[in-house]
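The values are calculated or read from the model by the stated rules, or taken from the named source; none is laboratory data. Computed from a predicted model, the values in this text were never measured in an experiment. Every residue, glycine among them, receives a Cβ derived from its backbone with ideal geometry; neighbour counts consider all protein chains shown. Remember, those area values only see protein heavy atoms, side chains included, never the ligands or the DNA or RNA. Shrake-Rupley method; radii C 1.70, N 1.55, O 1.52, S 1.80 Å.
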Amino acid sequence: MNVQIDDLLLKVEKPARYLGNEMNSAHKDLKDGMVRFAFAFPDTYEIGMSHLGMQILYHLLNEQEDIFCERVFSPNEDMESLLRENERSLFALETKAPLKVFDFIGFTLQYELSYTNILNILDMGEIPLLQKDRGEGDPFVILGGPCSYNPEPIADFADIIVLGEGEEVILEIVNLYKEMKKNKKWKRKGFLKEASKIEGVYIPSHFAVDYHMDGTVKEIRLIEEHMGSKFLKKRIIEDLDEAYYPDKILVPYIDTVHNRVVLEIFRGCIRGCRFCQAGMIYRPVRERSLEKLKRMAHDLLQNTGYEEISLASLSSGDYTEIEALINHLIEINQQDHIGVSLPSLRLDNFSKEMIEEIQKVRKTGLTFAPEAGTQRLRDVINKNITEKDLLTSAKEAFEMGYNNIKLYFMIGLPTETDEDILGIKDLVYKVLNQYHGIPKEKRAGGLKITVSTSTFVPKAFTPFQWEEQISLQEIHRRQTLLKESLAHRSINYNYHDGKTSIVEGAFARGDRRLSKVLHRAFRLGCKFDGWGDRFNFQKWMEAFHLEDLPLKFYNNRIRNYDEILPWEHFEIGVDKSYLIKENEKAKSEEVTADCRLNCSGCGVNQNFTTKRGVC
Ligand code: SF4
């Protein structure tokens, strides 16, 4: 019986979040044997609808005749209270079916602070939170996405975890399930055993973790007959031109975070910044061809009516045919006033010509990410950009009439000193001087420089995975030091709350024991932890205390290279020896050239083959 919400829609804000009949949404007649897959984004509709992965997998699954994929988002507070008050289950948008009738609930793990929302969606969907409590007939809970490179803190809640890119493996899992349903061959356990054969599929319940007295991992061992290897190898799509990409995407009725077409131009990154997890886990670099992208852009703009297209990748300026692509998009879309945006433009491939082309249609603010205030620290993190790159790009931007620039930095990086913090101030004032160096009549008035700092969070599978995260007190001290030094009317300084970074840090490198802290925090009422006004630090500290697990053990501790890390049974193609070498080079402030200039031997080309890549 589907969930009734008509009477609730008039009582909630933005009822369009719950209608499920947007342009390009899927609607199918349910047939026997049809597999029902609920794709759940553990945050609000406005954020989830802008997630490219959701759009790709939603349309991929719905293009299969006997699979019906529907969407679920975290309901906003008003709808959640009404559903709970009226004892109504959480539902999928397209049919309003309660979650417990689905075969699969698939969650994307985009950030650690979304984990309590995952438990909340399961709880509101009347699905047992813990994997061990699910029985025949309960949906299988699948997790995937960037945080699945260390899923251990949430492993106890998952039946299946996908390591790597989902387009191919998701169909292999669902097709295996269809076979099971049709032939009534296996029960729940049997299916998980068979599924463990699929490369990239991790069945956490087949593994157990033992710990030393000091709390470090002693062993990650198999406890179930696991058909696959003890070491889980990530999945990648070798040829992106052959990879599935939707020719239409869902178009919401209400504003979302990104109201535009997203064109994914390549995966991976040639740069090797040592703090960046994405730069390591998405290797090797694989590009889509220019001809393929032209066709994709045409179809997506045609089938959505959007007036903006953004070129998505980790560093779009590094796409080998970026200028040809931008010129093409501007040329064929100028009469329709379609804007082109480049979210991830690096300082050292900021070209005046490119920006002039883009601003012909629409002028957007400019964002640069120097990340560190001194050249010494930029070398430690291997950012490979110079002060000259920043000042030249800023001057060119001001000469082009820009008066609104954002500068992103991180605080708490390994080896960071107060000199580096004050180096941020020096750099920002030099940018300011670039502006004042241009004659008044040649520059736009009302300069606004927004300086933003986030707190460095060491992540799995990066050269800094062994480094410590600075304490909350130290985060506050460094933010205050910078804030007091940046007192100027044209400069705004924003910084992330260190408390969220502390909890994020624990879960980024946590082990399976943190599942208990997560469960406890959820029961204490924690959810929407990614939202500053909803995050409750006290409750999180209480959860760590009640589960007797010291936060410091996870954050403020340097790991030895021979310590078994909670994610050590995963293989991403980049060798551990390479990460150690890069960590040592960081300590001696040595840089590593980008992959186009010189292969630095990360090993990924030994473990994967690709088309249109750098290696
Ligand atoms: S194998 Fe070499 S070129 Fe390829 S990603 Fe690794 S370092 Fe870069």
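Just how large is the dipole of the stretch 5-233 about the Cα centre, in debye to the nearest 20, putting +1 at every Lys and Arg Cβ and -1 at every Asp and Glu Cβ?
Value, rounded to 20: 760 debye.
Highest mean first, how do 425-436, 53-64 rank when packing is the count of other Cβ atoms within 10 Å averaged over residues?
53-64, 425-436
Pull up all non-local amide H partners of LYS406: gap of 5 or more, or a different chain, and H-to-H distance under 5 Å with H placed in the peptide plane.
LEU366, THR367, PHE368, THR450
For the stretch 499-510, take each phi angle, set θ = phi - 60°, evaluate the Karplus expression 6.51 cos²θ - 1.76 cosθ + 1.60, and give the result in whole Hz per residue in order, putting x for glycine and proline.
5, 5, 5, 5, 5, 4, x, 5, 6, 5, 10, x
For the stretch 12-60 and the stretch 163-180, write down the distance between their C-alpha centroids in whole Å.
19
Rounded, prolate or oblate: which one fits the stretch 9-63, using the alpha carbon gyration tensor with axes a ≥ b ≥ c (rounded when a/c is under 1.5, else prolate when a/b beats b/c, else oblate)?
It is oblate, given that a/c is not under 1.5 and a/b is not larger than b/c.
Short version: what are the Cα gyration tensor semi-axes of the stretch 5-233, square root of 5 times each eigenvalue, largest first, in whole Å? Working shown, then result.
Numbers: eigenvalues 175, 89, 51 Å².
Square roots of five times the eigenvalues give 30, 21, 16 Å.
Suppose every K and R has +1 on its Cβ and every D and E has -1 on its Cβ; what is the size of the dipole of the chain about the Cα centre, in Debye to the nearest 20?
Computed about the Cα centre, the dipole is about 500 debye.
Answer with one residue from THR417, ALA92, HIS59: the one whose Cα lies farthest towards the positive end of the charge dipole of the chain, charges on Cβ with Lys, Arg +1 and Asp, Glu -1.
About the Cα centre, the residue reaching furthest to the positive side is THR417.
Which percent of the accessible heavy-atom area of the chain goes to carbon and sulfur, probe 1.4 angstrom?
So the carbon and sulfur contribution to the accessible surface is 49 percent.
Return the whole-Å distance between the Cα centroid of the stretch 365-430 and the Cα centroid of the stretch 482-552.
26
If I fit a long axis through the Cα atoms of helix 387-399 and take the longest principal axis of the Cα atoms of the chain, what angle between them do I get, 0 to 90°, rounded to 10?
Tilt of helix 387-399: around 80 degrees.
What percent does the relative contact order of the stretch 393-530 come to when contacts are Cα pairs within less than 8 Å and at least six residues apart?
It rounds to 29 percent for the stretch 393-530.
Would you please give the residues with an amide H less than 5 Å from that of ALA312, counting only those at least 5 places away or on a separate chain, with H modeled from the backbone geometry?
Amide H neighbours of ALA312: LEU263, GLU264, ILE265.
Under 18 Å from a label point 7 Å along Cα→Cβ of ASP214: give me every residue in the stretch 140-160 with its amide N that close.
none
Based on the mean of other Cβ atoms within 10 Å per residue, sort peptides 529-535, 212-218, 296-302, 118-124 so the most packed one is first.
Packing order, densest peptide first, comes out as 118-124, 296-302, 529-535, 212-218.
Can you work out the Karplus-derived ³J(HN,Hα) for every residue in the stretch 545-561? Use 6.51 cos²θ - 1.76 cosθ + 1.60 with θ = phi - 60°, whole Hz, and x for glycine or proline.
Residue by residue, the stretch 545-561 yields 5, 5, 8, 6, 10, x, 4, 4, 4, 8, 9, 8, 8, 7, 8, 6, 5 Hz.
Report relative contact order for the stretch 134-229 in percent, whole number only (criteria: Cα-Cα under 8 Å, sequence separation at least 6).
Here the relative contact order equals 25 percent.
Keeping all protein chains in place, calculate the accessible area per residue for the stretch 5-233 (probe 1.4 angstrom), answer in Å². Spell out each step's value before the answer.
Working: 8380 Å² over 229 residues.
With the other protein chains kept in place, the stretch 5-233 gives 37 Å² per residue.
Taking only DSSP H segments of four or more residues, each worth -39500 (n - 2.57), what value at 222 nm results for the chain once the sum is divided by all its residues, to the nearest 500 deg cm²/dmol?
Details: 21 runs with 205 residues, N = 615.
Mean residue ellipticity, 222 nm, calculated: -9500 deg cm²/dmol.
Please turn the phi angles of the stretch 313-322 into ³J(HN,Hα) values with the Karplus equation 6.51 cos²θ - 1.76 cosθ + 1.60 (θ = phi - 60°), one per residue in order, whole Hz, x for glycine and proline.
Result, rounded to whole Hz: 5, 7, 7, 4, x, 8, 5, 4, 10, 4.
What's the magnitude of the charge dipole for the stretch 144-212 around its Cα centre, counting Lys and Arg as +1 and Asp and Glu as -1 at the beta-carbon? Answer in Debye, nearest 20.
Dipole magnitude for the stretch 144-212 comes out near 720 debye.
With the radius of gyration and the Kirkwood radius both derived from the Cα set of the chain, what is their ratio Rg to Rh? Can you show the working numbers first?
Values: Rg = 24.4 Å, Rh = 25.6 Å.
Dividing the radius of gyration by the Kirkwood radius yields 0.95.
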